[in-house]
Amino acid sequence: MRQNNTPLSRFWLGMGILYGATLVFIGWSAYTDRLPDYLGLIPHYDVIGHFFLYGMATFLGQVICQQWRLPLAGLKLPIFPFIFTLITLIDEGLQHLSPVRTFSLLDLTMSLLGIIVGYGLAQRLRGRLGVATRSTVAKDEQGE
């Protein structure tokens, strides 16, 4: 499979790497109790943050990885949302082991809703963002 190496594809990859690093930093800050105090001034910042952080991560991940599918039980699942959902479930489940984090069904729900919305938005905009889709990769391989 030929990779789409356009400037826009490199842009999305760069955005994904930058956002991924930011997300890891935010997670590290939360697990080490180093989130800024001013966040507490925003009502329900944690719930809102779960929705937007996970939604944006899924959007970028799906834009970058949209041509890859994971065959599982007769289905071809989009690889990034599937793996990111597993990581989300494990992370939220393990929070009870942390002295500064707690499991929250509401946080988990908002994370999963963010993943669904991020995936849906990436699918809706596919082909308009300057990255390879399954159809453009197939056309390239056929020499069209």
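The values are calculated or read from the model by the stated rules, or taken from the named source; none is laboratory data. Computed from a predicted structure; not experimentally measured. Neighbour counts run over all protein chains shown; Cβ positions are idealised from the backbone, glycine included. Note: areas computed on protein heavy atoms with side chains; ligands, DNA, RNA excluded. Shrake-Rupley method; radii C 1.70, N 1.55, O 1.52, S 1.80 Å.
Numbers below:
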| quantity | calculated |
| --- | --- |
| Pairs where the first residue, in region 45-63, is farther than 25 Å from Gly14 by Cβ and the second is open to solvent by less than 30 Å² (accessible area, probe 1.4 Å) and not hydroxyl-bearing (Ser, Thr, Tyr), C-beta under 8 Å, 6+ apart | Asp46/Asp107; Val47/Asp107 |
| Selection within region 88-110 - surrounded by 13 or more Cβ atoms within 10 Å (Cβ to Cβ) and either within 17 Å of Tyr31 (Cα to Cα) or of a type in the set (Val, Ile, Thr) (or both) | Thr88, Leu89, Asp91, Glu92, Gln95, Ser98, Arg101, Phe103, Ser104, Asp107, Leu108, Thr109 |
| Qualifying residue in region 65-82 (condition: touching a helix residue (DSSP H, G or I) at 6+ places or on another chain (Cβ under 7 Å), modelled with pLDDT under 95, closer than 18 Å to Trp12 by Cα and open to solvent by 40 Å² or more (accessible area, probe 1.4 Å)) | yes |
| Complete set of residues in region 10-38 that are assigned to a helix (DSSP H, G or I), without any contact (Cβ under 8 Å) to a residue 60 or more places away in the chain and over 13 Å from the mean Cα position of the chain (by Cα) | Arg10, Gly14, Phe25, Ile26, Trp28, Ser29, Asp37, Tyr38 |
| Selection count where residues are among the β-branched types (Val, Ile, Thr) and closer than 17 Å to Ala122 by Cβ, scope region 79-95 | 4 |
| Residue within region 12-35 that is touching a strand residue (DSSP E or B) at 6+ places or on another chain (Cβ under 7 Å) and open to solvent by less than 60 Å² (accessible area, probe 1.4 Å) present | no |
